[in-house]
Each structure stands twice: as structure tokens, then as C-alpha cells.
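Novice: Okay, handing you the structure first.
The values are calculated or read from the model by the stated rules, or taken from the named source; none is laboratory data. As the structure is a prediction and not an experimental result, all values here were calculated from the model. When we count neighbours, we look across all protein chains shown, and the Cβ atoms used for this are built from the backbone with ideal geometry, even at glycine. Side chains included, ligands, DNA and RNA excluded: accessible areas come from the protein's heavy atoms. Shrake-Rupley method; radii C 1.70, N 1.55, O 1.52, S 1.80 Å.
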Amino acid sequence: MQKSIFTLFTLFLFLSCNTKKEKPAQTGLITENAMVVTAHPIASHVGKAILAKGGNAVDAAVAVKFSLAVVFPFAGNIGGGGFMVYRASDGSTNTLDFREMAPAKAHRNMYLDSADNVIKDLSTRGHLAAGVPGSVDGMVEAHRKYGSLPWAELVQPSIDLATIGFAVTKREADGFNRINKSLKELNTIEPTHLLKEWNVGDTIYHLELASTLVRIRDNGRAGFYEGETATLLVEEMKRGGGFITQEDLNNYHSIWRTPVISSYKDAKIITMPPPSSGGIALTQLLQSVEAYDLKKLGHNSAEYVHLLTEAERRVYADRAEYLGDMDFYDVPIKQLTTPSYNKERMQSFNPERATSSDSIGSGKILLESDQTTHFSIIDAEGNAVAITTTLNGAFGSRVIVGKAGFLLNNEMDDFSVKPGVPNMFGLVGGEANAIAPGKRMLSSMTPTIVEQNGKLLLVTGSPGGATIITSVFQSIINVLAFNMTMQESVNALRTHSQWLPDVIMYERGALSEENIKKLKEMGHKLLDRGNIGRVDAVKVLENGKLEGAADPRGDDLASGF
Ligand code: GLY
């Protein structure tokens with residue numbers, strides 16, 4: 001252990017000299033060879049260290065993923081799930097679905113009372129909110145297919161971090177302080193190591209999580225889905241009245257899926273199919289606005305935001321109706337991603353007036369926007385990885401598996417717990433996304449890779465629940481239509497709308513007073529809210545160098561060489 005700690009931190013010191021984090025910068029970190037952009041500086045350093053010792057993008061992604069579970073438990077996880085989009089340097093592409101799935105005991109009315117009303121908080125807090133985790137199987141599978149360094153070397157940095165501790169940032173200290181009460185209320189065994197008043201710079205240790213990671217390092221998939229970790233998880237479920245059994249753990253498998261591939265002008269968009277709605281919705285949005293001269297409309301002008309909103313209104317309405325786990329529901333992918341379909345949907349677009357959404361939903365509007373996490377990696381060979389991963393809400397269900405030290409997701413809330421009733425992101429759904437045993441809940445996560453003229457151009461993605469799709473959409477069109485640098489694109493203030501609730505949300509400063517007035521005159525309702533999305537992206541420049549752009553809305557960092 002001593003040797004690996006020494007090696008890790010020597011590497012941090014040595015490699016961190018090529019790291020930059022000036023928040024207002026208009027250009028991101030420029031490097032010659034390789035880049036890692038994540039939500040946490042330590043995770044970015046871990047990824048860079050793996051690349052520097054000869055690992056490829058998937059090796060770095062595995063190491064980053066486990067490190068985030070330690071240093072960024074807000075969303076980084078082994079008790080959750082996610083999606084990976086991969087493009088190899090030879091241009092071949094693939095996607096991996098390691099989304100959580102509903103346990104065998106789950107059923108469509110599990111969150112309803114006898115009068116068919118949704119029981120408050122049951123799908124978002126505590127043991128019943130958790131789906132069967134997919135993260136560890138996903139990383140094992142990604143490494144089996146594409147990894148080059150030994151598995152143990154990729155898990156080790158996370159063990160070192162959990163064991164020797166690290167200093168928490170202000171955001172993390174605030175996050176732990178916010179959930180102290182619910183950690184006490186929801187856990188069957190108090191996580192005493194977290195229950196204190198946290199201040200920036202305090203050292204945090206995750207010793208039980210370190211033991212779990214050691215089992216994963218030594219036994220791979222079996223270190224999580226079998227043996228001691230599995231027993232601890234199943235016992236936790238029994239103590240807390242949750243549904244996940246050993247059989248559910250045995251039955252969990254991540255799935256390689258054919259990417260959704262489309263074009264926007266001369267760019268090729270490679271993104272995630274269902275059970276993420278993100279890839280299809282992103283494709284639809286790009287096709288809906290492709291015919292318009294966005295630059296002429298002007299970035300964040302009233303006319304531009306009106307166009308985006310009207311496209312988003314139509315696409316999110318389709319999302320609610322048609323999208324779900326395609327292994328359970330016949331998702332009309334081909335039709336939804338056909339350019340003529342989306343062009344036709346836009347035929348009712350009136351450049352001067354807002355269309356009314358059919359009915360004004362009572363969707364809760366979520367003001368905290370970044371409960372998921374995304375990272376983008378390009379290695380020295382030009383292989384690219386985009387991974388978005390989540391526990392769903394901030395710190396998931398708030399249940400920490402006793403003696404195993406990891407948080408469980410509250411991903412069951414991403415099913416439509418009752419048709420037409422909004423989830424925690426204000427999203428509504430129907431039959432396509434109804435709960436069923438073994439089914440995967442619909443997601444908005446949109447890890448995406450963009451090519452231009454056959455060459456890798458962008459790796460991008462974002463957290464943000466329902467706002468993920470529109471944040472990724474804007475990160476791409478900012479570059480493709482407005483020629484922004486990657487960093488300008490990431491910094492640019494965002495707007496978001498999602499059909500229901502029928503409102504345009506905007507980051508403070510995104511819209512001028514004059515544009516707000518114009519949009520209101522067109523018939524839009526507007527809501528000034530906090531941050532929208534947290535995009536971490538990499539762009540390949542014309543000279544072949546890489547521009548890594550970390551989102552200044554968080555502690556995010558680009559690191560490379
Ligand atoms: N839990 C957020 C998402 O998957 O979209």
C-alpha cells in the first residue's frame with residue numbers, strides 16, 4: 001500500500017504542472033497528446049496519471065470512475081449506473097449501457113397508496129428508491145473489451161484516496177452539511193464518519209468504502225455482485241425494507257448497444273440509445289434547428305431562444321410519450337431520428353409566437369442542477385470516451401450500505417411512477433417508462449462524441465437531470481454554429497425548456513432585459529434559475545492539439561499533457 005500511495009502522489013505532483021483552472025478563461029487547457037476533464041480535480045489527475053503511464057482512454061475512464069466514487073460521492077458512485085460512448089482512433093464506435101435496473105420485486109404501482117396517489121419521497125429517499133447498481137459491472141465490461149492496463153492498477157488510486165484521505169472543497173463541505181439530517185434519518189447503521197460539521201479543507205476518509213474497493217480490485221465483478229459486498233448490500237435491504245436481492249445482483253449485466261448516429265450539417269453525432277432518452281432527444285433537437293441560420297439569429301437573442309424552446313417543446317413531448325427501455329417497449333427510434341420527421345414537427349413553428357404546450361403540467365422545477373456527473377477523455381492514440389454516471393439525486397437515496405461504505409442510487413424515480421405525474425426533474429412519462437421487474441428506467445444522460453470530416457472533433461456531456469439534453473445540445477451548437485472555442489461554449493450561459501412545465505428557464509445573465517421582454521410578448525413564460533448543466537468537454541483543434549474545457553460552474557478541472 002505504501003508504495004502505491006507514494007507512486008500516486010508523486011505522479012500528482014509531477015503531472016499537475018500542466019494543469020489550468022482559470023474560471024473566466026475563453027480558451028481551455030491546450031495540450032499536445034491527451035486530456036481528461038472531470039468534475040473533480042483529483043479525479044482529473046488520476047485519469048491523467050493513468051494516461052501518462054501508457055493507459056488508454058478506457059483505462060483512464062475506469063480509474064476516474066472509481067476515484068469519483070470516493071472524492072465526489074455527490075454523483076460519482078459504485079452504487080449507481082451510467083452510460084459510456086466510445087470512439088476508437090480507427091473511427092469505430094460503441095456504447096455501453098450500465099444503467100441500473102428495477103429489482104425483480106418491483107411493480108408499476110409500488111410508489112402509490114391504496115387511492116393510487118404517489119406516496120411522497122418513496123421513490124427518492126431510502127431503500128425502496130434504489131435500482132440494482134450497474135457501475136461496477138459496466139467498468140469491468142468496458143475494461144474487458146477495451147482496457148490495456150491491469151484492472152488492479154486502475155482501481156488502486158481510488159483505494160489510496162479512500163484510505164489516506166483528501167481535503168474536501170467548499171462545495172463538498174456544504175453538500176455533506178446539507179444531507180447530515182437525512183443521513184441520520186435514512187440509514188440503518190449511522191455513517192458516523194460523515195456526521196459532523198464540515199469545513200473546506202477538512203480531511204475525509206472512507207475506510208469501509210476502501211475495503212469494498214479492495215474486493216473489487218481483487219475479484220472484479222464478483223467483488224461487488226457476490227461475496228461480502230453483495231451480502232452487506234442484501235442485508236442492508238432487509239434492514240431497510242428495500243427490494244434488491246442476491247438474485248437481482250446475479251442477474252445484473254451491462255449491455256453493449258448500437259450508438260444513435262446522425263448528422264448535423266457536416267458533423268456526425270455519435271450518442272447514446274435508450275434507455276437514455278438523451279441521444280434520441282439530442283438528435284431530434286439538432287435536426288429540428290438544422291435548417292435555420294443560428295448565427296444570424298444571434299446567440300441567446302430572443303429569436304434564437306424562441307426557436308430552441310419551440311424545438312425543445314416538441315422533442316420533450318415525444319420523450320414523454322415514446323421513450324423507455326427498448327428491451328421492454330418498442331421505441332420508434334428510426335422515426336424519431338429521421339430528419340424529415342423532425343422538420344415536419346417544426347412546420348407548426350411560428351417565429352413570432354409561442355406554441356402552448358397541451359396542458360400546463362404541475363412539474364416541480366428543480367433548482368439544483370448538477371446531480372450527475374460527466375467526464376470526457378481523449379488518449380494519445382486518439383481514442384475517446386464520454387461517460388455520464390449518476391446516483392440520480394445528490395447523494396442518491398442517501399442510504400449508505402452498512403459496513404460497505406457506498407451510497408445507493410435513487411434511480412427508481414426516473415421511471416414514471418404514475419403516468420402524467422412529474423418526477424424530481426419535472427419530467428412526465430407514460431407506458432413506455434412504466435416500472436417493470438428487470439427494466440431500466442429512462443434517463444436523460446447524453447454522453448456524446450462529434451466527428452467532422454471523418455475526424456474526431458468533440459467529446460461532451462453534462463449532468464443536470466432534464467437539463468442534460470439541452471446543455472449538451474447547446475455545447476455542440478455553440479461550437480458548430482457559432483465557432484466558439486470549447487471553453488467559450490462551456491462557459492456560455494444556458495437556457496432550458498422541456499414541454500412541461502411550459503416555461504423557459506435561464507441562467508441569470510443569459511437573457512438581456514430586452515430579450516426577456518420580447519420573449520414574453522411572444523407568449524413565453526420565463527424563470528430565472530440557478531446553474532443549468534455542468535459540461536466537461538474536449539475539442540480536437542485544427543492543428544491536432546486538444547482543448548479541454550472544464551465547467552466553471554463547479555470544481556471541475558481539465559488535466560492533460
Ligand atoms: N438520473 C438522471 C438521469 O439519468 O437522467
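Novice: In the chain, which helices (entire DSSP H runs) extend 15 Å or more along their own long axis, judged by Cα positions, while averaging at least 1.6 on the Kyte-Doolittle scale?
Specialist: Answer set is 57-71, 467-480.
Novice: May I ask for the Rg/Rh ratio of the range 188-285, computed from Cα atoms with Rh as the Kirkwood radius, given to two decimals?
Specialist: My calculation of the ratio gives 1.15.
Novice: With θ set to phi - 60°, apply the Karplus curve 6.51 cos²θ - 1.76 cosθ + 1.60 along the range 324-332 and write out the HN-Hα couplings as whole Hz, x wherever there is a Gly or Pro.
Specialist: Once rounded to whole Hz, the list reads x, 5, 6, 6, 10, 9, 7, 6, x.
Novice: Å³ per residue of the Cα convex hull, for the range 243-395?
Specialist: In the range 243-395, the Cα hull volume divided by residue count equals 197 Å³.
Novice: Would you list which lysines come within 27 Å of Lys439, measuring only between C-alpha atoms, while excluding same-chain residues fewer than 8 positions from it?
Specialist: Lys65, Lys105, Lys120, Lys145, Lys238, Lys334, Lys364, Lys418
Novice: At R0 = 35 Å, how high is the FRET efficiency between Ser263 and Asn219 if r is their beta carbon distance? Nearest 0.05 is fine.
Specialist: That pair, Ser263 with Asn219, gives E of 0.20.
Novice: Taking square-rooted eigenvalues a ≥ b ≥ c of the alpha carbon gyration tensor, is the range 51-175 rounded, prolate or oblate, where a/c under 1.5 means rounded and, failing that, a/b exceeding b/c means prolate?
Specialist: Since a/c reaches 1.5 but b/c is at least a/b, the shape of the range 51-175 is classed as oblate.
Novice: Moving to a separate point now. How large is the direction-averaged shadow of the alpha-carbon convex hull of the range 380-476, in nm²?
Specialist: For the Cα atoms of the range 380-476, the hull's average projected area reads 9.2 nm².
Novice: Using r as the Cβ-Cβ distance of Lys545 and Glu352, and R0 as 45 Å, what FRET efficiency do you calculate, to the nearest 0.05?
Specialist: In this case the efficiency is close to 0.55.
Novice: Give me the percent of the accessible area of the chain that comes from carbon and sulfur atoms, probe 1.4 Å, all protein chains in place.
Specialist: For the chain, the apolar C and S fraction of the accessible surface comes to 52 percent.
Novice: Please say if the range 23-103 is rounded, prolate or oblate, where rounded means a/c under 1.5 for a ≥ b ≥ c the square roots of the C-alpha gyration tensor eigenvalues, and otherwise the choice is prolate for a/b larger than b/c and oblate otherwise?
Specialist: Oblate shape, in that a/c is at least 1.5 and b/c is the bigger or equal ratio.
Novice: Past the 34 angstrom mark, what percentage of all C-alpha to C-alpha distances in the chain do you count?
Specialist: When every Cα pair of the chain is considered, 33 percent fall beyond 34 Å.
Novice: Can you give the helix-only mean residue ellipticity at 222 nm for the chain, where every DSSP H stretch with n ≥ 4 adds -39500 (n - 2.57) and the sum goes over all residues, rounded to the nearest 500 deg cm²/dmol?
Specialist: One gets -11000 deg cm²/dmol as the mean residue ellipticity at 222 nm.
Novice: Note down the Stokes-Einstein diffusion coefficient of the range 91-241 in µm²/s, whole number, using a Kirkwood radius over alpha carbon pairs, 4 °C, and 1.567 mPa s.
Specialist: Value of D from the Cα-based Kirkwood radius: 71 µm²/s.
Novice: Also: Of the cross-linked pairs Lys265/Lys295; Lys53/Lys545; Lys53/Lys455; Lys268/Lys539; Lys265/Lys296, which ones have a Cα-Cα span greater than 23 Å in the structure shown?
Specialist: The answer is Lys53/Lys455.
Novice: Here's another thing I want to ask about it. Under 14 Å from the Cα of Lys403, which aspartates and glutamates turn up, not counting those fewer than eight places away in the same chain?
Specialist: Reachable aspartates and glutamates: Glu190, Glu208, Glu228, Glu235, Glu236.
Novice: Before I look further, what does the chain give for accessible area per residue, probe 1.4 Å, in whole square angstrom?
Specialist: Heavy-atom accessible area per residue stands at 35 Å².
Novice: When all protein chains stay in place, what accessible area (Å², nearest 10, 1.4 Å probe) is found for Glu208?
Specialist: 90
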